[in-house]
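Below: the structure, in structure tokens.
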Amino acid sequence: MTPRRREPPAGGFRRIAVLRLSSLGDVVLALPVVHALRRAWPGARLEFWVKEEYADVVRFDPALDHVRALERDARRLEDLVSMSAELEDCDLIVDLHGSARTRLLTFRQRARVLRASSYRVRRSRWVHARWTRPAPVPHALERYARALAPLGIATAGPPRVHAGAEAEAWAEAFLSAWAPGRPPVALCPGARHATKRWPEEHWTALHDALAARGLPVLLLSLESERRALPALDARAEGVAGTRWCTAALPHLAALLSRSAAAVTHDSGLMHLAAARGLEVVALFGSTAPELGFAPAGEGHRVLCRRERCQPCTLHGRPVCPRGHFRCMRELRPEAVAEAVATLAG
């Protein structure tokens with residue numbers, strides 16, 4: 001059903017808040033909504049509400065006047081009730097999260113509140129009742145864009161993330177000191193959930209295949225993820241054409257845009273890489289692109305075996321429920337290397 005269009009107040013909106021508290025990929029995918037609102041109401045105060053660990057994704061976006069970061073130690077019920085007072089002067093709130101927290105923040109606000117549909121039932125059918133043959137879930141970009149339909153405005157294009165001048169200069173210095181000779185291939189071996197992660201031996205085999213082709217390799221991750229991959233870390237220490245970076249998000253974003261292509265899991269860095277204009281080889285394990293979170297934009301390579309048990313989860317699991325983990329183990333490094341070659345030459 002098409003939402004009924006409602007006209008904005010005379011003179012347009014004065015203060016607009018966009019709420020998408022987490023996670024990294026979802027915050028990235030919310031940006032086209034931010035930019036559509038800025039184009040429609042250039043004089044409005046536009047702010048973004050997000051958890052502090054993801055604030056740097058939006059902090060440097062020129063479309064935003066303010067980023068309201070929710071501190072890690074201030075997310076209790078009483079904290080949110082207090083914070084909700086900060087939204088009282090808004091005349092439009094766009095809730096792209098729809099979580100208990102954002103519903104509490106928007107409870108009894110006088111502002112018009114628009115929300116994005118989550119398609120929870122259809123997503124659940126993909127995991128628990130594929131025999132009902134559910135249709136693919138609309139991409140998150142489409143779902144978020146539909147939240148603006150009552151206002152009669154549309155988003156345009158995939159998200160683009162700004163890293164800030166300091167991070168851009170830092171990335172230039174990093175590559176100048178390394179001098180790889182050509183843009184590197186970015187490998188992003190981290191993911192929050194174990195069943196989204198490609199086995200370490202596959203990552204090391206891919207690294208070696210790319211190095212054999214003369215391609216420099218740039219590994220990007222959290223420091224904790226690097227420590228969990230000792231064999232891959234040894235490659236980074238022992239090969240001149242390889243570097244590993246565990247810097248802050250803006251610095252990783254700046255490095256991504258200076259790379260030739262990226263290989264990622266279904267993760268936040270997949271969406272960050274695409275939002276920095278990079279073509280991505282995306283490896284899907286316990287999830288699947290039909291759940292609505294493939295990398296946004298053109299030119300990407302999505303590798304998903306579509307096992308009979310796949311997807312087995314909406315977000316990820318600590319272990320494969322069947323014990324075989326074929327969705328990732330049988331996704332061979334040779335196939336990934338070939339996909340990278342079509343993007344990075």
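Observations, loosely collected:
- Test: residue in region 168-186 that is touching a strand residue (DSSP E or B) at 6+ places or on another chain (Cβ under 7 Å) and under 18 Å from LEU283 (Cα atoms): yes
- Residue count for region 71-86, restricted to those that are modelled with pLDDT of 95 or more and either farther than 21 Å from GLU53 by Cβ or touching a Phe, Trp or Tyr at 6+ places or on another chain (Cβ under 8 Å) (or both): 2
Per-residue answers, yes or no, for (1) within 16 Å of PHE293 (Cα to Cα); (2) part of a loop (DSSP other than H, G, I, E, B); (3) touching a Cys at 6+ places or on another chain (Cβ under 8 Å):
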site: LEU104; (1), (2), (3): no, no, no
site: ARG110; (1), (2), (3): no, yes, no
site: LEU114; (1), (2), (3): no, no, no
site: TRP131; (1), (2), (3): no, no, no
site: PRO136; (1), (2), (3): yes, yes, no
site: GLU142; (1), (2), (3): yes, no, no
site: PRO150; (1), (2), (3): no, no, no
site: THR155; (1), (2), (3): no, yes, no
site: PRO159; (1), (2), (3): yes, yes, no
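- ALA205 passes every criterion in (1) outside any helix (DSSP H, G or I); (2) closer than 22 Å to CYS304 by Cα apart from (1).
- Candidates are the residues of region 66-102 that are part of a helix (DSSP H, G or I) and free of Cβ contacts under 8 Å to residues at least 12 places away in the same chain; the one that is nearest to the chain's Cα centre (by Cα) is ALA100.
- Residues of region 48-100 satisfying the condition of being over 14 Å from LEU21 (Cβ atoms), buried (at least 17 other Cβ atoms within 10 Å of the Cβ) and of a type in the set (Ser, Thr, Tyr): none
- Filter pass, SER124 being in a helix (DSSP H, G or I), of a type in the set (S, T, N, Q) and more than 23 Å from the chain's Cα centre (by Cα): no
- When VAL263, VAL336 are screened for being β-branched (Val, Ile, Thr) and either part of a helix (DSSP H, G or I) or within 21 Å of SER124 (Cα to Cα) (or both), only VAL336 passes.
- Note on region 174-203: residues that are surrounded by fewer than 20 Cβ atoms within 10 Å (Cβ to Cβ) and either under 18 Å from PRO250 (Cα atoms) or among the polar types (S, T, N, Q) (or both) amount to 3.
- For region 279-292, the candidate set comprises residues that are surrounded by fewer than 24 Cβ atoms within 10 Å (Cβ to Cβ) and in contact with a helix residue (DSSP H, G or I) (Cβ under 9 Å, 6 or more places away or on another chain); within that set, the residue that is nearest to VAL263 (Cα to Cα) is GLU279.
- Residue that is farther than 20 Å from ALA335 by Cα and modelled with pLDDT of 95 or more, where the choices are LEU187, LEU232, LEU219, LEU255: LEU255
- The residue that is surrounded by the fewest Cβ atoms within 10 Å (Cβ to Cβ), counting only those in region 112-141 that are in contact (Cβ under 8 Å) with a residue 60 or more places away in the chain and within 22 Å of VAL34 (Cβ to Cβ), is PRO138.
The values are calculated or read from the model by the stated rules, or taken from the named source; none is laboratory data. Quick caveat, the model's predicted, so the values are computed rather than measured. Positions of Cβ are backbone-derived with ideal geometry, glycine not excepted, and every protein chain shown enters the neighbour counts.
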